[in-house]
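A.B. asks: Take a look at the following structure, please.
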Amino acid sequence: MTVNWLKKYSKNSLFLNIFHNIQVVISLIFLLPIICLADSSIPDTKIEHAILKVFKNQAVMGEQLSDLPIWPVFQHSELVGYAFQSIDFVDLRGFAGKPINMLIGFDPNGVFQGVQVLEQHEPMFSHDLPGAMQRFVNQYETLVVTDRVLINNGYKTKPKKQDKTGPIHFDGISKATISLAVINKTVFSSALHVARSKLQAYKQQYITIAKPNLYEPKNWEELLKENLIRKWTITQERVEGRTGLYLNEFEDPDLNLSDPTADLNLYYGYLNTPMIGRNLLGDDGFEQLMGQLKPGEHAIGVISEGFYNYLNNHKFVPETKAENIYLEQQDLLISMTAINIDRPRSMLGKNSIASEKNLHIFKVPHQAGLMPNNPMSLILDMSLALPNGKHIKVRFKNEYNLPNELFETINLEQSLETRALWVEIWQSRISEIIILSLGLILLTLAFSQQQYLSKKIKLFHQFRWAFLFFTLFFIGFFAQGQLSVINIYTLLLELSHGFNLEFFLLDPIIFILWVYTAISLILWGRGLFCGWLCPFGALQEMLSWVAKKLKIRQLKIPATTNKKLISVKYIILFILITAAFYSTNLVEKLSEIEPFKTSITFFFIQSWPYVTYALLLLSLGLFIHKFYCRYVCPLGAGLAILGKFRRFEWLNRRSECGTPCQVCRHKCGINAIDQQGQINYNECIQCLECIVIINDDKQCAPAMVAAKKSARKNKIAVVQLSTPVSEKFAMDAIPD
């Protein structure tokens, strides 16, 4: 039940002054921090302290080098590593539009000694989470600068998984996936830049890699015939000749002499080239293997059958260096690490020609300097046990040479490049992207068929409430798709410094929603987002419904007061945008006027002042429909300004709207319809309730009048049609 609660106080000047000047109070509250906030550079003492923490207080910081902004670090006059600020090498911006600056240190072997956060402005890590970012970067210690890291989503933390054949898994932080992805990219990109300049192991300028797109299907016989897969046969007689003993004189668990005529056949090949690896492992297996290899690493596949188990299974430990099988190139032995033997078998697809064979895969680190286009040899060391416990060792060697056309020479930096960060993020969130896209398609179809849908009143309300729940729980709580005014002034800052689309692609959900909202702004104004896609708006809508069900009296704001209060959100928007160009620290604090982070992002798990503020706004919404949206929301103000350039005013009106009919105006909870019946598109949230009313002859007064007139005309027509017939019967009844 709505009452004109404020009207009776309209003559109270004190009351009106309080309401009319809310904007002044809010402005003063949020402008107070200006006198004490300013951006500052990082002092040298903080950098020195960070370096000591990274190198465990056991080192001395040298003078910054002249050729590169890095500090050598010494212990007892011995170089133990380098330290540097990430911002000097990488300018990748975080969610707030500013780089995350870290002090990074590694030793002469490229092993991280630690990472310290120097400066960050990420909204997710302000207030209650300032130490969470440091705890996250502590996980980089002991990693190598060429390692790959996958970040768990943080909803259910897992211990770090040291998988030597694949990426290393980090414990993530829920709600902060974009910030953590930026941190990870920043750490490795800046570290690689320094490592290539200062560490000998990373100074190789050019390397040879397999051409990634060179492939044609080949069967097993073709691979053997073209020597892409090399067959190496070692007979029992040859081993006996090298050892000087018959094989039955040995007592070795790796010998199988059940067939005295059996040979040892080794089939091996270089798996990085699709011509071999893809044909051998199948499409899925090859893709998985390449995903496990770090940049610059090589994979060698070996299939064995015969009288000798070259892996010494009785003492073989997967994921360790193989003890008796090597590569040799230019007289240098190259050790190989065995990938867990259970994993290659699971890789083998249905179409893999090696699916039934005894396949083992070994990897060669990029530091080994293997050049796959040059001749190499596979070396097998046999260590055969005698009955007395002694061993006789013999070595066999087989040459392997691949065609040059399988390879290309590229710069090392190019080989270590990974996919763009935004591509990795989009691929990791593909399911959320699909669900959101389907939801937006459904919403577009509903709006395009609004006349039909609004006539089906029950169906329309079911759809609207279902979509509001989708917006709150999926877009808001799950996918973290709450748009914010932060996005607006981040865009303005980006435009002022040179636009970089990749920065905005880092969050696919936010990007898709902004693109969709921008299109809807051009076509129809702000209402489509504010009324259907804003999670906090959906939450207010639900609370308003609860309030009405509980018969909480709804306060009706007089038109003049409403107009003044509407201006508050525009003043707040102006203050925020101005502050964004003045001080990052200041605008971070001012942005807390949006309760989105507290209510939607952190689900009210914040410090009490922010929770109290958010609950206060929601409580006001119990009495004044969508109080925050109407009078405080700077995002809504920004969208309303942009929405002024809309192409269409597509909500139907009748000529009787406003004169004399006022039904829609009184039922509009947002107060976006004036007394003349015109819709204020700057305030309208396009809930479509007015369209439902217009199309319902039980609610719309002009429609009801028209229906009554139509019924009356039909009744008169029936009477006129029936009169001559009755007269005829009456005449027939008169006797002659």
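A.B. asks: Can you name the residue in the stretch 161-187 that is polar (S, T, N, Q) and at pLDDT 80 or above and, of all such residues, is nearest to residue 320 (Cα to Cα)?
C.D. replies: The initial filter retains those residues of the stretch 161-187 that are polar (S, T, N, Q), namely 162, 165, 174, 177, 179, 184, 186.
Filter once more, so that each one left must be at pLDDT 80 or above: 179, 184, 186.
Working: 179: 35, 184: 27, 186: 30 Å.
Ranking the qualifying residues of the stretch 161-187, first place goes to 184.
A.B. asks: Looking at the stretch 623-644, is at least one residue at pLDDT below 85 and within 24 Å of residue 483 (Cβ to Cβ)?
C.D. replies: Among the residues of the stretch 623-644, at least one is at pLDDT below 85 and within 24 Å of residue 483 (Cβ to Cβ), which makes the answer yes.
A.B. asks: Continuing with the same structure: Collect the residues in the stretch 542-554 that are under 42 Å from the mean Cα position of the chain (by Cα) and within 13 Å of residue 621 (Cα to Cα), keeping them in residue-number order. Spell out the reasoning first.
C.D. replies: So the first thing to find is which residues in the stretch 542-554 are under 42 Å from the mean Cα position of the chain (by Cα), and the list is 542-550, 552, 554.
If the condition is that a residue be under 42 Å from the mean Cα position of the chain (by Cα) and within 13 Å of residue 621 (Cα to Cα), then 542, 543, 544, 545, 546, 547, 548, 552, 554 are the ones that fit.
A.B. asks: Just one of 301, 296, 291 is in a helix (DSSP H, G or I) and in the same structural domain as residue 386 (by TED's automatic domain parsing); which is it? Give the derivation first.
C.D. replies: On the way: 301 fails: in a helix (DSSP H, G or I); 296 fails: in a helix (DSSP H, G or I).
Of 301, 296, 291, the one residue that is in a helix (DSSP H, G or I) and in the same structural domain as residue 386 (by TED's automatic domain parsing) is 291.
A.B. asks: Looking at the stretch 519-571 only, could you name the residues that are free of Cβ contacts under 8 Å to residues at least 60 places away in the same chain, within 20 Å of residue 439 (Cα to Cα) and loosely packed, with under 15 Cβ neighbours inside 10 Å?
C.D. replies: If the condition is that a residue be free of Cβ contacts under 8 Å to residues at least 60 places away in the same chain, within 20 Å of residue 439 (Cα to Cα) and loosely packed, with under 15 Cβ neighbours inside 10 Å, then 519 is the only one that fits.
A.B. asks: Given the conditions (1) closer than 27 Å to residue 361 by Cβ; (2) modelled with pLDDT under 95, report the number of the one that residue 261 does not fulfil.
C.D. replies: Condition not satisfied by residue 261: (1).
A.B. asks: Please work out which residue is surrounded by the fewest Cβ atoms within 10 Å (Cβ to Cβ), limiting yourself to the stretch 71-113 and to residues that are assigned to a helix (DSSP H, G or I) and not hydroxyl-bearing (Ser, Thr, Tyr).
C.D. replies: Among residues in the stretch 71-113 that are assigned to a helix (DSSP H, G or I) and not hydroxyl-bearing (Ser, Thr, Tyr), the one surrounded by the fewest Cβ atoms within 10 Å (Cβ to Cβ) is 88.
A.B. asks: If you check residue 118 against the conditions, is it under 25 Å from residue 606 (Cα atoms), of a type outside the set (Ser, Thr, Tyr), at pLDDT 90 or above and assigned by TED's automatic domain parsing to the domain that holds residue 186? Outline the logic, then answer.
C.D. replies: On the way: under 25 Å from residue 606 (Cα atoms): yes; of a type outside the set (Ser, Thr, Tyr): yes; at pLDDT 90 or above: yes; assigned by TED's automatic domain parsing to the domain that holds residue 186: yes.
Against the criterion (under 25 Å from residue 606 (Cα atoms), of a type outside the set (Ser, Thr, Tyr), at pLDDT 90 or above and assigned by TED's automatic domain parsing to the domain that holds residue 186), residue 118 qualifies.
A.B. asks: Hey, does the stretch 586-597 have a residue that's under 21 Å from residue 478 (Cβ atoms) and either part of a helix (DSSP H, G or I) or hydroxyl-bearing (Ser, Thr, Tyr) (or both)?
C.D. replies: Scanning the stretch 586-597 turns up at least one residue that is under 21 Å from residue 478 (Cβ atoms) and either part of a helix (DSSP H, G or I) or hydroxyl-bearing (Ser, Thr, Tyr) (or both).
A.B. asks: If you go through the stretch 196-210 one residue at a time, how many are modelled with pLDDT of 80 or more and either under 19 Å from residue 410 (Cβ atoms) or among the small types (Gly, Ala, Ser) (or both)?
C.D. replies: So the answer is 5.
A.B. asks: While we're on this one: Can you spot a residue in the stretch 245-265 that is among the charged types (D, E, K, R), surrounded by 15 or more Cβ atoms within 10 Å (Cβ to Cβ) and either in contact with a Gly (Cβ under 6 Å, 6 or more places away or on another chain) or free of Cβ contacts under 8 Å to residues at least 40 places away in the same chain (or both)?
C.D. replies: Checked the stretch 245-265: at least one residue is among the charged types (D, E, K, R), surrounded by 15 or more Cβ atoms within 10 Å (Cβ to Cβ) and either in contact with a Gly (Cβ under 6 Å, 6 or more places away or on another chain) or free of Cβ contacts under 8 Å to residues at least 40 places away in the same chain (or both).
For (1) part of a helix (DSSP H, G or I); (2) of a type in the set (Lys, Arg); (3) modelled with pLDDT under 90; (4) assigned by TED's automatic domain parsing to the domain that holds residue 530, each residue gets a yes or a no:
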| position | (1), (2), (3), (4) |
| --- | --- |
| 402 | no, no, no, no |
| 410 | no, no, yes, no |
| 433 | yes, no, no, yes |
| 443 | yes, no, no, yes |
| 452 | yes, no, yes, yes |
| 459 | yes, no, no, yes |
| 463 | yes, no, no, yes |
| 470 | yes, no, no, yes |
| 477 | yes, no, no, yes |
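A.B. asks: Another question, then. Could you say whether any residue in the stretch 642-665 is surrounded by fewer than 22 Cβ atoms within 10 Å (Cβ to Cβ), of a type in the set (Phe, Trp, Tyr) and free of Cβ contacts under 8 Å to residues at least 60 places away in the same chain?
C.D. replies: Within the stretch 642-665 (the criterion being surrounded by fewer than 22 Cβ atoms within 10 Å (Cβ to Cβ), of a type in the set (Phe, Trp, Tyr) and free of Cβ contacts under 8 Å to residues at least 60 places away in the same chain), the answer is no, since none of the residues qualifies.
A.B. asks: Filter the stretch 589-622 down to the residues that are charged (D, E, K, R) and buried (at least 21 other Cβ atoms within 10 Å of the Cβ), then identify the one that is modelled with the highest pLDDT.
C.D. replies: Top of the filtered list is 594.
The values are calculated or read from the model by the stated rules, or taken from the named source; none is laboratory data. Please read all numbers here as calculations on a predicted model, not as lab measurements. Ideal geometry is used to build each Cβ from the backbone, glycine not excepted, and the neighbour counts take in all protein chains shown.
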